[in-house]
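Colleague: This is the structure I want to talk about, given as structure tokens.
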Amino acid sequence: MKVFLMHPDRDFNPPPTGAWDTADLTKDLELDTLWKAMAGEDSFLHGVAREAFFSGLRNDVDTILYRQAALRDCLKNQDVVKYLYNLAVEAIEREKKEGFFGRGVSHYPASILHSSISVLEMFSGMLRTLRDQARAHASRFDSEAFTRLFGMIETELDDDYLGQIDALLKELKFKDGLLLSAELDSGNRGTHYIVRRAGERPHWWERLFDPHSAYSFRLDPRDERGAQALSEIRDRGINQVANVLGQSADHILGFFQALRRELAFYVGCLSLNERLAALPAQLCFPQPMPTGSRRQGFRGLYDACLALQMGRTVVGNTVDAEGKSLVIITGANQGGKSSFLRGIGLAQLMMQSGMFVAAESFEAECCTGLFTHYKREEDASMKSGKLDEELARMSDIADRLVPNAIMLFNESFAATNEREGSEIAGQVVRALLEKHIKVFFVTHFYQFSHDFFDRKADDVLFLRAERLADGTRTFRLVEGEPLETSHGEDLYRKIFDDEDGLANDATGGEAATVHDQTRKRSGEQGEGDA
């Protein structure tokens, strides 16, 4: 029996990694926050969520839509889905307990047979419960995934089949003794032992007048060697039966393990939905588009991890980037640029794993890979300078990039001055665009961003963190020409005026002067969002 809740044609068994640098992706997009909301302290749910996210980069449009339909069913029938998941967990846990001493540690056929019968009897009851659930709730599900699963359960696990299993397991306990047949080899040693099904035992008067003679013997209660010999004969006879029952138990265990694994993804989605809906935060099912179509548009997209960390809704952004291969984000410090970039990466991973997305609406092409290149803090263990480290990291990424991947830059190459950083960033981005890599670049390099702006290319979109006339940040991004300043003076005034009460014009002028001097010396290296 196959589950097929994650893929229409195969089990969910992803490779160890579906992305190249999972550690950087996890750190830069703060994925652990999202996975914790999905799994809580359950390490199994956490592991499945992680695998689904990274292996999702290999999913096509049909697979994404297949999972979306299944997830819609789960959202409508949360009680049923959670019950089925708990049922699978219970079956697996009980198998560990009931099968440990026989199937787990013993090599004796008799022990394996006894343990396998016990496990199969337990599995039979679990399968009957699963079948009853399928019968009771199948009409509430519409997706291809669950319709096929419930249909298979109803067909394969009918009353006649389960009744035959129970009867066979009862017979294999050999309460009326074990009937074996064997042959003698050239050395008069027993071979070809076969367990025979004993017929109905005749009455004593029928045995009394039976013309066919039979030979029998009894062991003396103190005959230990004889008892050992009979035990060895018994083990040889039931060895094949024990192996078959053991394989049958493993087969059913594998089904429950697959059911648990694939339901775990949807259970995690239900938990995340509960957490975000309680804020309350908007969620939608995205529209995946074919790879290479350069379709990208969304309304109200926000950083789900930031919302979870803050425990409230956060500002979303609306952007139409259809036909764009490069999106350059500039503007005021602490204006929401890094949060927007993280929201883009999260939405892409969530969409391609088959989940809902943190937005009012979302449409995007499927990518072949997702890579991040964020600036790093100073590390005393580094053997070279920050710029060398950034370039080395970019070189490693470039070796693994494939066409139609997405590259997210956040204040990259800011470890040098404006002129050099702009030149490096410009050459890297142009090379990526030539290889059909889609790029999102958050930067404070005015020269870099304005060089692209002056070219008036149709496939480049410029977004700017919105700043009102009084310096207020709205945390929204709007289309606009890159500005030469990042408005560090606003932050200086906000921090020091509020803290020390320095609100007079003279102090304000000093603040502006300090900011201008500081920007000339080091501000050109770029200031990241806090």
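The values are calculated or read from the model by the stated rules, or taken from the named source; none is laboratory data. Values in this document were obtained by computation on a predicted structure and should not be read as measured data. Ideal geometry is used to build each Cβ from the backbone, glycine not excepted, and the neighbour counts take in all protein chains shown.
Colleague: Could you identify the single residue in 364, 359 that is surrounded by 23 or more Cβ atoms within 10 Å (Cβ to Cβ) and assigned to a loop (DSSP other than H, G, I, E, B)?
Modeller: Values: 364 fails: assigned to a loop (DSSP other than H, G, I, E, B).
Sole residue among the options that is surrounded by 23 or more Cβ atoms within 10 Å (Cβ to Cβ) and assigned to a loop (DSSP other than H, G, I, E, B): 359.
Colleague: Residue 402: in the same structural domain as residue 461 (by TED's automatic domain parsing), modelled with pLDDT under 95 and within 30 Å of residue 5 (Cα to Cα), yes or no?
Modeller: yes
Colleague: Further question on the same structure: Residues being free of Cβ contacts under 8 Å to residues at least 12 places away in the same chain and in contact with a Leu (Cβ under 9 Å, 6 or more places away or on another chain): count how many of those fall in the stretch 399-441.
Modeller: Looking only at that region, the number is 1.
Colleague: Here's a check for you: in the stretch 310-340, which residue that is under 16 Å from residue 473 (Cβ atoms) and hydrophobic (A, V, I, L, M, F, W, C) is surrounded by the fewest Cβ atoms within 10 Å (Cβ to Cβ)? Before the answer, list the steps.
Modeller: Initially, the stretch 310-340 is screened for residues under 16 Å from residue 473 (Cβ atoms), giving 310, 314-317, 329-340.
Now narrow it down to the ones that are hydrophobic (A, V, I, L, M, F, W, C): 310, 314-315, 329, 332, 340.
Working: 310: 11, 314: 20, 315: 17, 329: 25, 332: 26, 340: 26.
Checking each candidate, the answer is 310.
Colleague: Related question: Please list, ordered by first then second residue, the pairs with beta carbon atoms under 8 Å, 6 or more apart or interchain, first in the stretch 253-279 and within 18 Å of residue 360 (Cα to Cα), second of a type in the set (A, V, I, L, M) and not in a helix (DSSP H, G or I).
Modeller: 269/355; 272/355; 273/283; 276/283; 276/358; 277/283
Colleague: From the list 285, 298, 255, pick out the single residue that is crowded, with 23+ Cβ neighbours inside 10 Å and not hydroxyl-bearing (Ser, Thr, Tyr).
Modeller: Exactly one residue qualifies, and that residue is 298.
Colleague: Is there a residue in the stretch 67-79 that is in contact with a strand residue (DSSP E or B) (Cβ under 9 Å, 6 or more places away or on another chain) and farther than 30 Å from residue 232 by Cα?
Modeller: Yes, the stretch 67-79 contains a residue that is in contact with a strand residue (DSSP E or B) (Cβ under 9 Å, 6 or more places away or on another chain) and farther than 30 Å from residue 232 by Cα.
Colleague: Listed residues 32, 21, 28; which is charged (D, E, K, R) and under 14 Å from the mean Cα position of the chain (by Cα)?
Modeller: That would be 32, the only listed residue that is charged (D, E, K, R) and under 14 Å from the mean Cα position of the chain (by Cα).
Colleague: Being farther than 30 Å from residue 354 by Cβ, in contact with a strand residue (DSSP E or B) (Cβ under 6 Å, 6 or more places away or on another chain) and at pLDDT below 90 narrows it down to one residue among 181, 106; which is it?
Modeller: Just a single option satisfies the conditions, and that option is 181.
Colleague: Further question: Just to be sure before I move on: is residue 162 without any contact (Cβ under 8 Å) to a residue 40 or more places away in the chain, under 17 Å from residue 1 (Cβ atoms) and in contact with a Lys or Arg (Cβ under 6 Å, 6 or more places away or on another chain) in the structure I sent?
Modeller: Taking the combined requirement at face value, the residue satisfies it.
Colleague: Is it true that residue 409 is of a type in the set (Phe, Trp, Tyr), assigned to a loop (DSSP other than H, G, I, E, B) and closer than 26 Å to residue 446 by Cα? Break it down stepwise before answering.
Modeller: Details: of a type in the set (Phe, Trp, Tyr): yes; assigned to a loop (DSSP other than H, G, I, E, B): no; closer than 26 Å to residue 446 by Cα: yes.
Answer is no for this residue.
Colleague: If you take the residues in the stretch 439-470 that are surrounded by 17 or more Cβ atoms within 10 Å (Cβ to Cβ) and basic (Lys, Arg), which one is nearest to the chain's Cα centre (by Cα)?
Modeller: That would be 464.
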